[in-house]
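J.: Here it is: the structure, laid out below.
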Ligand code: 7TS
């Protein structure tokens, strides 16, 4: 991988964020930066092709329809889905998970049913399930091993029973970096006739994902974390399941026929895409997939492993710094969370910012996990394909500045 060449594709990386301080962007788990190849495709679409899709017979409508539909095909191939019918575009991971929840609640989930999730989840894979308490649906949570932040797998077997209708888990943790053994977890779900939903927000951008090998029923992810614009996300679902569950939203484009008495639903995936879609966003997501494939997902993963190992080694040498998550890079992504003595993570992040280093501090929308770790918040650096070892050094220099400021 030629990092220098890759960096030239991302104009924002040239920015100075404070006088003399160039941007060191280490907040990729929150959102990624965008390459010219994605920015240009979107602006070209608006300059040349813009029209609504699936309704006009005029030239522009045909072009934009083809571009939008092609993006579904690209994204479905990217995660090795069988066909574009299994690829629904949404706004983001949160909407994808909400779609599954609403569709299952309408006919597949009833009072007395149970769901298994984990304490490692982002709020977007906790809240849609815990609100079902009002409907008499219970959620059980698999715990983590405190020492290295990996799931206690045996608890899936212990918690599952004939009432369990859904098992769900995060693929890559946005706090610990842990990559979960989704294939094994999916097998436990299917052996017990439960659906299996994976939150892939932090895995798809960073590694090769194969939904067929994983054998999940649903797989949710966000475009904005994988070089695409905000406001576009995706939900993969197995065709036979999508055919058999209710739509999430109703209205234009998701119907086949409408009378004043009843309606019938459009073919997949459009049954789940009501109203005018984020057409340019979808096309941008297709361009992001092209870009990631041109670099190579295996190379991106290797690069992130090297950077993370380097960062962990350097951070381990910092006195008073506590690190979270597994050490084994086979089960870890490029996310590094830490706390530094008693310095509040917001102070750490603010001082880092004065050096141009962008990191996130807080609970990372995973409050139950942060609490489970015995913390109120952490500071988090998260890497992507354009980050360098020199930027990791800047992170360490930032931490040294924090220590000096607080006389540690
Ligand atoms: N799931 C995981 C694992 C995530 O990391 C996030 C966002 C989401 C779901 C929600 O994604 P959205 O696109 O619907 O917002 N995570 C983070 C983060 O770690 N910092 O900012 C957003």
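Only the coordinates and a few stated rules stand behind these numbers; no lab work does. Just so you know, these numbers come straight off a predicted model, no measurement behind them. Every residue, glycine as well, gets a Cβ built from its backbone with ideal geometry; the counts of neighbours run over all protein chains shown.
J.: I'd like to verify a number: residues in the stretch 19-35 that are under 19 Å from residue 307 (Cα atoms) and within 22 Å of the chain's Cα centre (by Cα), how many? Spell out how you get there, then give the answer.
T.: Initial filter on the stretch 19-35 (under 19 Å from residue 307 (Cα atoms)): 23-33.
Next, from what is left, pick out any that are within 22 Å of the chain's Cα centre (by Cα): 24-33.
Total satisfying the criteria: 10.
J.: Would you confirm, using the coordinates I've provided, whether residue 299 is touching a residue at least 24 places away in the same chain (Cβ under 8 Å), surrounded by fewer than 19 Cβ atoms within 10 Å (Cβ to Cβ) and over 25 Å from residue 21 (Cα atoms)? If you could, list the steps in order and put the result at the bottom.
T.: Working: touching a residue at least 24 places away in the same chain (Cβ under 8 Å): yes; surrounded by fewer than 19 Cβ atoms within 10 Å (Cβ to Cβ): yes; over 25 Å from residue 21 (Cα atoms): yes.
Judged against the criteria, residue 299 is a match.
J.: Right, here's the next one. Within the stretch 132-143, is even one residue within 16 Å of the ligand (Cβ to nearest atom) and within 30 Å of residue 312 (Cα to Cα)?
T.: Just the residues of the stretch 132-143 that are within 16 Å of the ligand (Cβ to nearest atom), to begin with: 141-142.
If we keep only those that are within 30 Å of residue 312 (Cα to Cα) too, we end up with 141-142.
Yes.
J.: Would you mind finding the one in 67, 87 that is out of contact with any strand residue (DSSP E or B) (no Cβ under 8 Å at 6 or more places or on another chain) and in contact (Cβ under 8 Å) with a residue 40 or more places away in the chain?
T.: Numbers: 87 fails: out of contact with any strand residue (DSSP E or B) (no Cβ under 8 Å at 6 or more places or on another chain).
Step by step, each of 67, 87 is checked, and only 67 is out of contact with any strand residue (DSSP E or B) (no Cβ under 8 Å at 6 or more places or on another chain) and in contact (Cβ under 8 Å) with a residue 40 or more places away in the chain.
J.: Every residue in the stretch 259-279 that is surrounded by 12 or more Cβ atoms within 10 Å (Cβ to Cβ) and over 15 Å from residue 54 (Cβ atoms), please.
T.: 263 - this is the single residue of the stretch 259-279 that is surrounded by 12 or more Cβ atoms within 10 Å (Cβ to Cβ) and over 15 Å from residue 54 (Cβ atoms).
J.: Follow-up question, since we're still on this one. When the stretch 118-140 is examined, which residues are found to be over 18 Å from the mean Cα position of the chain (by Cα), surrounded by fewer than 17 Cβ atoms within 10 Å (Cβ to Cβ) and in a helix (DSSP H, G or I)?
T.: Listed by number, the residues that qualify are 130, 131, 133, 134, 135.
J.: Do the conditions hold for residue 234, that is, is it within 16 Å of the ligand (Cβ to nearest atom) and either within 30 Å of residue 115 (Cβ to Cβ) or outside any helix (DSSP H, G or I) (or both)? It would help to see each step written out before you state the result.
T.: Numbers: within 16 Å of the ligand (Cβ to nearest atom): yes; either within 30 Å of residue 115 (Cβ to Cβ) or outside any helix (DSSP H, G or I) (or both): yes.
It is true that residue 234 is within 16 Å of the ligand (Cβ to nearest atom) and either within 30 Å of residue 115 (Cβ to Cβ) or outside any helix (DSSP H, G or I) (or both).
J.: Of the residues 65, 90, which is under 25 Å from residue 216 (Cβ atoms) and surrounded by 14 or more Cβ atoms within 10 Å (Cβ to Cβ)?
T.: From the options 65, 90, the qualifying one is 90.
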